[in-house]
Amino acid sequence: FRGTLIRQQKERSERNKQAEVDALISSGGSIRDRYSLLWKQQMDRRRQLVQLGSATGVYKTLVKYLVGVPQVLLDFIRQINDDDGPMEEQRQRYGPPLYSLTRMVLFIHLFLSLAWQRFEAFKLNRLQISVLEEAVDVYTTELQRFINFISEVFANSPFFISAEDASMLEMGKNDEYKEITVPAGKSYEVSLTVESINSYIAWDFSLVQGKMNMDIGFSVEYTNNGGEKTLILPYRRYESDQGNFSTCMAGNYKLIWDNSYSAFFKKALRYKVDCIPPVLEESEKGSERNEVEE
C-alpha cells in the first residue's frame, strides 16, 4: 500500500514538473532558463531520494521488503547529495576515461570537418587516411570496452535485486526491533504524538513462543487535546500482527499490548512501531496553509 502511494506521488510530481517546463517554453523562456529549471527539478528529486533513504522503523522495513529496495541502495540515496558522496565518487572513478574518449572523438570530428571544408584545395594522402582509420579504430575499440565495463558494473551492482532477494539478505538482522516482557496481569503501551493529519502509524509485532503458543491483547486508541479517548483499532488477541493506518486527526495515539487477563504467564513481546509524516508537494502544502487561514 505504501509502495503504491510512493508511486502515485512520483507520477503526480513528474506531471507537475513537466507542466512547469511546458509553461516556461510557452512563455518564451531561454535555453538557460530551461536548464536552470531542469537542474532545480533534478535537485528536488535528489532531496526526495534522501528522504526515502533516511527512512526508519517500520517504514524502512516496508520500503526494503515490500517495495524491494535493498539497504545498500537506501544508503546510496541518503548520501547522494554529499560533497564526497556516491555521485562525486562515480564521477571521479569513471569520468576521466569517458572524458578522454570524448576528447578523442571531438578531435576526430574536428579533423574531418576541416578536411571536408578544404577537400578541393587539400586532399588527404595515404598516410593521413591511415592515421585517421587507426584513430577511429582505437576510439571504437576503447568505447566498446568502456561500455562493456560499465555494463558489468551495473549488472553486478547490489541495486537491482528482487524484494525476495532483499528480504533474504536482510533476514536475521533484528536491530530495528525491540524486545520487552509484559508481566502477567499488566499491559505495555507505546505513545505517539502526531502533529499532522494523513500521517501513517505502522506496527509489526509477535510473541516469542515457548513450548505452548500464547497470545496478547492489542488495541490502538486516540486521545485529543481535551483528554477524550477514541478507539481506533478494537481490542483483539493476537500471536502476531502487522498493520498501519492513516491518521485523520492530530494528537496522541497509544498502541496497547494487554496481558491483564493472564494470571500466570508473562509474554515476551518483539515489536517495532513507526509514525510516518505525510509527504506533500510544495503546491499542496501551500494549498493546505491557505485552507487553514481561510
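The values are calculated or read from the model by the stated rules, or taken from the named source; none is laboratory data. Note that the structure is predicted; figures quoted are calculated from it, not measured. Reconstructed Cβ throughout: ideal geometry from the backbone, glycine too, with neighbour counts over all protein chains shown. SASA here: full protein model, heavy atoms, side chains in, ligands and nucleic acids out. Shrake-Rupley method; radii C 1.70, N 1.55, O 1.52, S 1.80 Å.
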task: State which residue is modelled with the highest pLDDT when the search covers only region 133-159 and only residues that are open to solvent by less than 60 Å² (accessible area, probe 1.4 Å) and over 18 Å from Val105 (Cβ atoms).
output: Val153
field: Meets criteria (more than 18 Å from Ile276 (Cα to Cα), of a type in the set (Gly, Ala, Ser) and either surrounded by fewer than 16 Cβ atoms within 10 Å (Cβ to Cβ) or assigned by the TED database to the domain that holds Tyr200 (or both)) for Gly227
entry: yes
- prompt: When you look at Ser130, is it polar (S, T, N, Q), surrounded by 11 or more Cβ atoms within 10 Å (Cβ to Cβ) and assigned to a helix (DSSP H, G or I), yes or no?
  reply: yes
query: Does region 90-100 contain any residue that is farther than 29 Å from Gln42 by Cβ and open to solvent by less than 90 Å² (accessible area, probe 1.4 Å)?
result: no
- prompt: Within region 231-260, can you find the residues that are surrounded by 13 or more Cβ atoms within 10 Å (Cβ to Cβ) and either outside the structural domain of Ser196 (by the TED database) or among the hydroxyl-bearing types (Ser, Thr, Tyr) (or both)?
  reply: Tyr238, Ser240, Ser246, Thr247, Tyr253
- request: Would you mind stating whether Ser162 is under 30 Å from Asn244 (Cα atoms), at pLDDT below 80 and surrounded by 15 or more Cβ atoms within 10 Å (Cβ to Cβ)?
  value: no
- line: Residue count, region 185-223, condition open to solvent by 40 Å² or more (accessible area, probe 1.4 Å) and part of a strand (DSSP E or B), comes to 5
task: Give me the pairs, please: first residue somewhere in region 20-41 and over 21 Å from Lys10 (Cα atoms), second residue anywhere and in a helix (DSSP H, G or I) and of a type in the set (Gly, Ala, Ser), beta-carbon distance under 9 Å, and either six or more positions apart or on two chains.
output: Gly29/Ala23
query: Pairs, please: C-beta under 9 Å, at least 6 apart or cross-chain, first residue assigned by the TED database to the domain that holds Tyr271 and in region 200-219, second part of a loop (DSSP other than H, G, I, E, B) and surrounded by 18 or more Cβ atoms within 10 Å (Cβ to Cβ)?
result: Tyr200/Thr247; Ile201/Thr247; Met214/Ser262; Ile216/Asn259; Ile216/Ser262; Gly217/Asn259
